[in-house]
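The next block holds one structure in the form of structure tokens; read it before the comments.
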């Protein structure tokens, strides 16, 4: 426990840990000291002078070292000659801070008058207007009139695109440096900086593309003025016109807490529309940050291409029908006796959908299959993170191992959290086939050849790193699927689980195995008993009635498309007319998660609830409802109401015992304290009033098992080794469309080659070539990257090339 | 291609040797001086090269360049007279001095004389507040301070510099 310090702020007595800054101590006491440059997530710099306060300290007798006392016995206090910045001054015992005196009030007024000398005051057209710290603090503390001549205002450029995502308005900038400091210290991408000095100072970027950082959107949140705005929300709405709906980001398995800001607008034909995605504070998950994919990738949710009506195949054509007809068609088929419903579900579905679909399948003597490119989820259910875990509390004495994953690309916020853990003193061990952005912070970073991960793990555990990992107070292992298929990642997970079990790093907070899944609820699917098929093609070929939900196997793999084409009876529930849906007998429009409630289980096993941000626009239903409706027609009782479904799920699934939507909605105060009432303190992120979620309990007693290492593909002369990798801006299961604002950064079909391999084959960067893989040719663009090991050809997943595990590839 | 590494291998080695390997970025300023030694300006290519040499972003290099009036990303005269116009100097008549100097050379602040010899720039504090008006002269690989200046003293200096330049042309 740090030492506690007593002080008085105005007339309030406050006790805070030693080292607390005055501004934060005041916040704890409910006293808001105005700031611009200070941010509770960053080191103070004292640049803006807005937080000036009067500080008195006890007078100490130099001879005796004792406090000098007044006549009444109280310690004598002495004020400093000048005001001090509350953001850089730590508290000390017996301190008196006055922040409501005329002297302080006058100082604030002057600072604001200076800040406003050249501020354009274009609040009526500024995106920040209504949630602007400068606007609010001017109203609270500023002068009503300026002594400066309006005509003397300096004018600067107002539409400076720092990149395609963030615009700079130079006139509005008050030079607080929050954005520059965020990029350097938190995001680790020092791609924006100050240029020139004084009145000429501007924020600049030199990267290609401009402001090349996957965390760039956060700078717009913490900018205390309207200087940095996003291209997505620019002139989109006024902050006070919008509603705020708590939700969860569905772009990866981290489960960042978000808010959908929605508004009724003419452009959406009088309907409600999502105008922006904002972070919602959850210090155990995403703090107050979001990656740009999460912030800008939501447009698919309200795409005009979404399915609007159920359809059934008649004479070879899909024709729109009513829900009754569609349901009847499915039920009739199920009743024909040749029963056996095979559900193939993706990790995009909510827990409630997965649960209801499983109940339907179970009732129909069917089976449930999990559509995934990655295994090991049965193990994360046994030796995953336990309740009470929080990556933010990992530090000295703790260790983290990352295997076969480029976290910066696959789960940016986890990358951020591990970077911070390393900075706090945790030992980070990284085992990857190529350099990744986590290496910079790793205590130990080792490489292996693709296909040799199991040997590499064994060697790692036997060596110095093994010592570090075994002896760590707490150990978390993240495993991914770089160059690995379901079996390969399953083997890696088993080896990692074995280490955790062997070294006693299971069943307690901050210890365990985390899968770097691509989907928001992959962990939930595993927890609910969904497992990948040993041989998916065979399963699908044998199935009588197949229901595919939240997955597009036909789009991912032409071989599966062929199999699905031959399906006896295929039902597809999805948002879009996917390749799989095109082959279906019945197509059902599903509801996007933004138009319904439900819950996802994150990779850290945190179950978190999302609420409907928009009314269901189309004639769509949740997968849970679809299952319930079909069941009802079959004479079975499956609940429709999602909170009730969740209760049922919790009652029947041991890990979920005791959970309910109400439990998931519980919150407790988080540090830093933030609220929309005083957004100058930490930015426009939303406070969390809708629930912090609950981590699943660990059930069962895990035991070590021998990992089953899949065989490597037979070497082919002159062939390269095709390696599937996951990239941030790929199309993956998250359905980001290339037409969206992220279009410029989205990747297409491409192959990454080592410079030497490319040179040997006479290929230059950007060349359009065909690769030969799995007895077919695929057009791709060449990307040359020195980090790619010789002999490897990296293929991003989800761009339509069937790379699921290591395979021979010819050019 | 005239990269810095090709042109000044020895100087770069000497500069880098001064700093511990984990603090290579300390070499930004000496390398920028090196880059503008000949032409009086730092080219974008040189910025790139220094950035990769020191493993920092180009943004950081340009930030340093922007902060200091010593570095230039645009061409100027062979000699740059950088006159301080901050408060102390202004109280000592720096603004009038700057105006007179400009008029004498027939250019505006920020411009270069047609013979390509002189550029006049107004810059913030040069840290000689008790000796204003002050300017620093950048040119021929040197930086020299001229304190307590008058138009006459400056004119004399300009004449000396002109003669130096003329002397080189006709030996």
- [ ] Being at negative phi and not in a helix (DSSP H, G or I) is the filter; apply it to the range B:42-63 and report the residue that is nearest to the other protein chains (Cβ to nearest Cβ).
- [x] B:57
Task: Matching option when the condition is touching a helix residue (DSSP H, G or I) at 6+ places or on another chain (Cβ under 7 Å), surrounded by fewer than 23 Cβ atoms within 10 Å (Cβ to Cβ) and either within 19 Å of residue A:347 (Cβ to Cβ) or modelled with pLDDT of 95 or more (or both), among A:528, A:614 - done: A:614
Task: Exclusive hit being closer than 27 Å to residue A:537 by Cα, in contact with a helix residue (DSSP H, G or I) (Cβ under 9 Å, 6 or more places away or on another chain) and at pLDDT below 95, set A:307, A:301 - done: A:307
Task: Set A:277, A:319: member being outside the structural domain of residue A:390 (by TED's automatic domain parsing), modelled with pLDDT of 95 or more and farther than 26 Å from residue A:746 by Cβ - done: A:319
Task: In the range B:64-94, the residues that are within 14 Å of chain A (Cβ to nearest Cβ), part of a loop (DSSP other than H, G, I, E, B) and within 23 Å of residue B:117 (Cα to Cα) - done: B:68, B:69, B:70, B:71, B:72, B:73, B:74, B:85
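Results for (1) under 30 Å from the mean Cα position of the chain (by Cα); (2) farther than 22 Å from residue A:795 by Cα; (3) at pLDDT 95 or above, shown as yes or no for each residue.
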position: A:502; (1), (2), (3): no, yes, yes
position: A:511; (1), (2), (3): yes, yes, yes
position: A:517; (1), (2), (3): yes, no, yes
position: A:524; (1), (2), (3): yes, yes, yes
position: A:546; (1), (2), (3): no, yes, yes
position: A:566; (1), (2), (3): no, yes, no
Open item on the list: Given the criterion farther than 30 Å from residue A:304 by Cα and either assigned by TED's automatic domain parsing to the domain that holds residue A:49 or crowded, with 17+ Cβ neighbours inside 10 Å (or both), identify the matching residue among A:697, A:632, A:655.
Closed with: A:655
TODO: Test residue A:582 against the criterion of being surrounded by fewer than 24 Cβ atoms within 10 Å (Cβ to Cβ) and at pLDDT below 95, and give yes or no.
DONE: no
TODO: May I ask you to list the residues in the range A:148-189 that are part of a loop (DSSP other than H, G, I, E, B) and in contact with a helix residue (DSSP H, G or I) (Cβ under 7 Å, 6 or more places away or on another chain)?
DONE: A:154, A:164, A:165, A:174, A:188, A:189
Open item on the list: Can you pull out every residue in the range A:492-504 that is touching a helix residue (DSSP H, G or I) at 6+ places or on another chain (Cβ under 8 Å) and either farther than 26 Å from residue A:452 by Cβ or part of a loop (DSSP other than H, G, I, E, B) (or both)?
Closed with: A:503
Task: Spans of strands (runs of 3 or more DSSP E) in the range A:298-371 with at least 3 residues touching a residue at least 12 places away in the same chain (Cβ under 8 Å) and crowded, with 18+ Cβ neighbours inside 10 Å - done: A:341-346, A:367-371
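Pull up the range A:657-670, narrow it to residues that are within 23 Å of the chain's Cα centre (by Cα) and not in a loop (DSSP other than H, G, I, E, B), then point me to the one that is farthest from residue A:610 (Cα to Cα).
That would be A:663.
Name every residue in the range B:144-165 that is under 10 Å from residue B:134 (Cα atoms) and surrounded by fewer than 17 Cβ atoms within 10 Å (Cβ to Cβ), in order of residue number.
B:145, B:147, B:148, B:150, listed by residue number.
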Open item on the list: Can you go through A:183, A:206 and tell me which one is within 14 Å of another protein chain (Cβ to nearest Cβ) and buried (at least 24 other Cβ atoms within 10 Å of the Cβ)?
Closed with: A:183
- [ ] Scan the strands (runs of 3 or more DSSP E) fully inside the range A:757-811 and keep the ones with 2 or more residues being under 21 Å from residue A:489 (Cβ atoms).
- [x] A:792-796, A:807-810
TODO: Working only within the range B:19-34, note down all residues that are part of a loop (DSSP other than H, G, I, E, B) and surrounded by 10 or more Cβ atoms within 10 Å (Cβ to Cβ).
DONE: B:19
Task: Of the criteria (1) within 29 Å of residue B:166 (Cα to Cα); (2) surrounded by fewer than 20 Cβ atoms within 10 Å (Cβ to Cβ), which one residue B:125 fails - done: (1)
TODO: Take the range A:211-246 and flag every residue that is out of contact with any helix residue (DSSP H, G or I) (no Cβ under 7 Å at 6 or more places or on another chain) and either facing chain B (nearest Cβ under 10 Å) or part of a strand (DSSP E or B) (or both).
DONE: A:211, A:212, A:243, A:244, A:245, A:246
- [ ] State the number of residues belonging to the range A:158-180 that are over 24 Å from residue A:740 (Cα atoms), away from every other protein chain (no Cβ under 13 Å) and without any contact (Cβ under 8 Å) to a residue 60 or more places away in the chain.
- [x] 5
- [ ] Collect the residues in the range A:190-200 that are surrounded by fewer than 22 Cβ atoms within 10 Å (Cβ to Cβ), at the interface with another protein chain (Cβ under 8 Å from one of its Cβ atoms) and not in a strand (DSSP E or B), keeping them in residue-number order.
- [x] A:190, A:196, A:197, A:198
Open item on the list: So if I check each of B:69, B:58, which one is under 30 Å from residue B:13 (Cβ atoms) and in contact with a strand residue (DSSP E or B) (Cβ under 7 Å, 6 or more places away or on another chain)?
Closed with: B:69
Task: Criterion violated by residue A:464 - all others in (1) more than 24 Å from the chain's Cα centre (by Cα); (2) closer than 29 Å to residue A:721 by Cα; (3) in contact (Cβ under 8 Å) with a residue 12 or more places away in the chain satisfied - done: (2)
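Give the range B:101-112 a look and list any residue that's surrounded by fewer than 17 Cβ atoms within 10 Å (Cβ to Cβ) and more than 14 Å from every other protein chain (Cβ to nearest Cβ), or say none.
B:103, B:104, B:106, B:108, B:111 - these are the residues of the range B:101-112 that are surrounded by fewer than 17 Cβ atoms within 10 Å (Cβ to Cβ) and more than 14 Å from every other protein chain (Cβ to nearest Cβ).
The values are calculated or read from the model by the stated rules, or taken from the named source; none is laboratory data. Every value quoted in this text rests on a predicted model; they were computed, and no experiment measured them. In this analysis, Cβ positions are derived from the backbone assuming ideal geometry, glycine residues included, and neighbour counts consider all displayed protein chains.
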